[in-house]
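Here is the structure we will look at.
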Amino acid sequence: MLERMANEIPRLFEYYSAIFLLKAMGTTLLMTLVGVGLGFLLGFVIVYLRQTPGLFWVPVRIVAITYVEIFRRIPFLVILYLVLFFIQAISPNASLFTIATIGICMMAIAYTSEIIRAGFESVPRQQIEAASAMNFSRWKTLINVIAPQSWPVIVPPAFAYMVSFIKDTALVSQIGVVELTFAGKVMNNRGYSALLVYGTILILYFLLSYPLTRLGGYLEKRFASSKDN
Amino acid sequence: MHHLKITNLSSAYGKNVVLTDVSLTVDKGQVISLVGPSGSGKSTLLRVLVGLTPPTGGTVEIQGELINYNSKSSIKLSRDRMAIVFQQYNLFQNMDVMGNVTIAPIKIKKRDRKEVEAEAEDLLERVGLADKLTAYPDQLSGGQQQRVAIARALALQPDLLLLDEVTSALDPELVTEVLDTIRRLASDGMTMIIVSHEMGFVREISDQVVMMDEGRIIERGLPAEIFDKPTTDRAREFFGKILRH
Amino acid sequence: MNYTFQFGVALESLPALLRAGILTVELSFFAFWGGALIGLAGAAAKTFGGPVVSRLAQAYVVFFTNTPALLQIYLLYYGLPEVGIILPSFTCVLLGLTLNAGAYLTEIQRAGFLSVRLTEIEAAETLGMSLWQQIRFVIVPHIAKTIYPPLANMFLILVLGSSMAAVFSVDELTGTAINISTETYRWLEMFTLVAGVYIILTFVASIMLAVVGRKFFRVKARMF
Ligand SMILES: Nc1ncnc2c1ncn2[C@@H]1O[C@H](COP(=O)(O)OP(=O)(O)OP(=O)(O)O)[C@@H](O)[C@H]1O
Ligand SMILES: [Mg+2]
């Protein structure tokens, strides 16, 4: 067994295999970044909508809240299949990468909007009243007062979620996107030892995730200590 | 024409009625002090005036113009004329002193940045903070923060300044510096409504003292009248307690 | 979009889905309690263990929280046979989910340990409580109150996470949806339906957990 692995290791890291794995790693990263980036923007929109005051906007608030509640209660794999078959029904030529990214985005919207909301709600009400007594519009209050004060609350958990989204993208291999996990399956099918291949893939995921975990933890500590001063 | 005319103003938080039939006039250049026990509705009155808490009845006219508190644009117009300073200063924590004072004139009133900044420096000089332009609120003492808050309100060039217990969150030694600032504003002819528990100060600075209790005005008059010959038992009791301290 | 929804077939499969739902709940339930035990040991190791033991516990947490559960199960399912250990797919999934949950539950329970305040224990001592009474009436209730919300949240995460079992042909909710879809070709309807089942399932679980939390642990916070 060990002998077999020892024989395979040099082959696994030969030029083409290494490039294949690195590319797959890039795909995983790109999917996550685009999905989460868009998710964050749209999550912001969701929060903005659900905090719009007034009777007239009740339906919009309901839609925004329902979206968040629903998409945090469906497994990512199920979201992925739904997006896959829905998009294939309306646009059969959509690439699998696009489909997977949309899936990640739909999920990320729901989770990031909750982080953003918690951040916004952490800003004391008096700050908002002071702004509104000075004739700040809702948008100007958000941009000039709420957002700058809430990002220390938003950023650390955002990193934690980023890591969990990276890990969730492993499921995207199920619909055939050639990302890290799929690359592992391909190598395994080519006859490489499963222990070796999946062990390597696991390490590659770790290399993507761990720095983000550390950075999030570091920022959390920093923000917390700057608040005590 | 009165500068500000409040007629039969009422307000409530849910079912809890906190202002009942409050009527009050303020003339240009006058300083009116609101006194009264905790929970009597002083803050609420100021909050209603600037449109932070909706009234349930009555009218408010500023310089002869009726404020419609159901209309955002009407509230906005009124806020161009009055500025409020809160007990807890409520400075924007993410901006330095200069940012706090200039943001509304620049971003909201769209005035020229250079001009606003020059004015802000003058204002901060007047409140004795010329050397703190780049400090953040959490680097300032309470008294300094409160003076920044006053400068921020003045930068809006209001016709009427509302001050809500601006010294009650401060340590005793910091109170004087803030009171001095207000004194100077009064002698410059600023029209003000002041909520305060500093009775000596109220007596010295006010043109009229108004006493509230349970959401109503129960007594009003010149400081000397109110403090020395209160007509109601409630007022006598209140001043008896406060002045003994 | 020239796709006509036909929910008829999907609805016929509802009983099968509900049966599969039981497996989903079982999977999450066992992974949760298994993980909670591992987590208790891990938290104790991190908090009270010597330098070696606490580092080992920390390494376990770091490794499992920074790599995908799917790949961990791959290693168990495809990797272990290479060293002669062949486990059924259900076991692999359960083991993987449990080890994964254990890492998160280590962190949660450690936070619980750290939340106990010395002053509270001192107060209990001055009241003349024995060590056992202190644990029973002061320490455990305090920890329980602190960690209940994240624990409840973890259970719900596991319900969603257990859908991974479908990848290894375990016929829980998602797996069953895939099976029926491959026969009927009504993928969209099937997955809409199964999504609905997950929503209802987690909703019911949320409510039950909130009620239990309120009643037994004085937890007021909104959960999930
Ligand atoms: N946001 C609120 N929601 C509900 N009730 C409130 C709110 N703010 C104030 N109240 C109630 O309104 C009444 C008047 O409060 P207000 O703050 O106007 O009194 P005040 O005269 O300013 O008292 P203080 O001297 O303590 O500042 C009180 O009974 C208070 O409990
Ligand atoms: Mg008050």
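Data table
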quantity: Helices (runs of 4 or more DSSP H) completely within segment C:130-188 that count 2 or more residues being of a type in the set (A, V, I, L, M, F, W, C) and either in contact with a strand residue (DSSP E or B) (Cβ under 9 Å, 6 or more places away or on another chain) or over 20 Å from A:M107 (Cβ atoms) (or both); calculated: C:131-134, C:140-161
quantity: Test for B:S43: is it part of a helix (DSSP H, G or I) and within 19 Å of the chain's Cα centre (by Cα); calculated: yes
quantity: Residue match in segment A:54-65 (condition: open to solvent by 40 Å² or more (accessible area, probe 1.4 Å) and closer than 30 Å to C:Y185 by Cα); calculated: no
quantity: When residues of segment A:18-33 are limited to those that are out of contact with any Leu (no Cβ under 9 Å at 6 or more places or on another chain) and open to solvent by less than 60 Å² (accessible area, probe 1.4 Å), the one farthest from A:L212 (Cα to Cα); calculated: A:F20
quantity: Neighbours by Cβ (under 6 Å, 6+ apart or cross-chain): first from segment B:24-42, more than 14 Å from chain A (Cβ to nearest Cβ) and within 16 Å of ligand 1 (Cβ to nearest atom); second among the charged types (D, E, K, R) and part of a strand (DSSP E or B); calculated: B:G36/B:D213; B:S40/B:D213
quantity: Near pairs, Cβ below 7 angstrom, 6+ apart or cross-chain, from segment A:68-94 (touching a residue at least 60 places away in the same chain (Cβ under 8 Å)) to any residue that is surrounded by fewer than 22 Cβ atoms within 10 Å (Cβ to Cβ) and among the aromatic types (F, W, Y); calculated: A:Y81/C:W187
quantity: Residue in segment C:83-97 that is closer than 18 Å to A:S164 by Cβ and in contact with a helix residue (DSSP H, G or I) (Cβ under 6 Å, 6 or more places away or on another chain) present; calculated: yes
quantity: Set B:L52, B:L91: member being within 16 Å of ligand 2 (Cβ to nearest atom) and either within 13 Å of chain A (Cβ to nearest Cβ) or crowded, with 23+ Cβ neighbours inside 10 Å (or both); calculated: B:L52
quantity: Condition check for B:K28: charged (D, E, K, R) and not in a loop (DSSP other than H, G, I, E, B); calculated: no
quantity: Every pair of residues 6+ apart whose Cβ atoms lie under 7 Å, when the first sits in segment C:77-106 and is farther than 20 Å from C:N66 by Cα and in contact (Cβ under 8 Å) with a residue 24 or more places away in the chain while the second is of a type outside the set (D, E) and in a helix (DSSP H, G or I); calculated: C:S89/C:Y77; C:S89/C:F168
quantity: Filter result (more than 16 Å from ligand 1 (Cβ to nearest atom) and without any contact (Cβ under 8 Å) to a residue 40 or more places away in the chain) within segment B:158-174; calculated: B:D171, B:P172, B:E173, B:L174
quantity: Output for segment A:66-116, where each listed residue is more than 25 Å from C:T24 (Cβ to Cβ) and within 12 Å of another protein chain (Cβ to nearest Cβ); calculated: A:I87, A:Q88, A:A89, A:I90, A:S91, A:P92
quantity: Residue match in segment B:78-93 (condition: farther than 30 Å from B:G14 by Cα, touching a helix residue (DSSP H, G or I) at 6+ places or on another chain (Cβ under 8 Å) and touching a residue at least 12 places away in the same chain (Cβ under 8 Å)); calculated: yes
quantity: Residue that is nearest to the other protein chains (Cβ to nearest Cβ), among those in segment B:58-87 that are over 16 Å from B:D159 (Cβ atoms) and within 16 Å of ligand 1 (Cβ to nearest atom); calculated: B:F86
quantity: Counted residues, segment B:103-143 - those being in a helix (DSSP H, G or I), under 14 Å from B:L91 (Cα atoms) and open to solvent by less than 40 Å² (accessible area, probe 1.4 Å); calculated: 5
quantity: Options B:S78, B:S73: the member that is at pLDDT below 95, open to solvent by 50 Å² or more (accessible area, probe 1.4 Å), of a type in the set (S, T, Y) and away from ligand 2 (no atom under 16 Å from the Cβ); calculated: B:S73
quantity: Residue check, C:P51 over 26 Å from the mean Cα position of the chain (by Cα) and open to solvent by 70 Å² or more (accessible area, probe 1.4 Å); calculated: yes
quantity: Within segment C:1-95, helices (runs of 4 or more DSSP H) holding 2 or more residues that are under 29 Å from A:Q88 (Cα atoms); calculated: C:7-12, C:14-48, C:69-74
quantity: Residue ID - farthest from A:L96 (Cα to Cα), chosen from residues in segment A:175-229 that are away from chain C (no Cβ under 12 Å) and either open to solvent by less than 20 Å² (accessible area, probe 1.4 Å) or of a type in the set (D, E) (or both); calculated: A:D228
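A quick yes/no check of all residues on (1) within 16 Å of the chain's Cα centre (by Cα); (2) among the β-branched types (V, I, T):
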site	(1), (2)
B:I62	yes, yes
B:N70	no, no
B:I75	no, yes
B:I84	yes, yes
B:L91	yes, no
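The values are calculated or read from the model by the stated rules, or taken from the named source; none is laboratory data. Because the structure is predicted, anything quoted here is derived from the model rather than measured. Using ideal geometry, Cβ is built from the backbone for each residue, glycine included, and neighbour counts are taken over all protein chains shown. We work out accessible area using only protein heavy atoms, side chains counted, and drop any ligands, DNA or RNA first. Shrake-Rupley method; radii C 1.70, N 1.55, O 1.52, S 1.80 Å.
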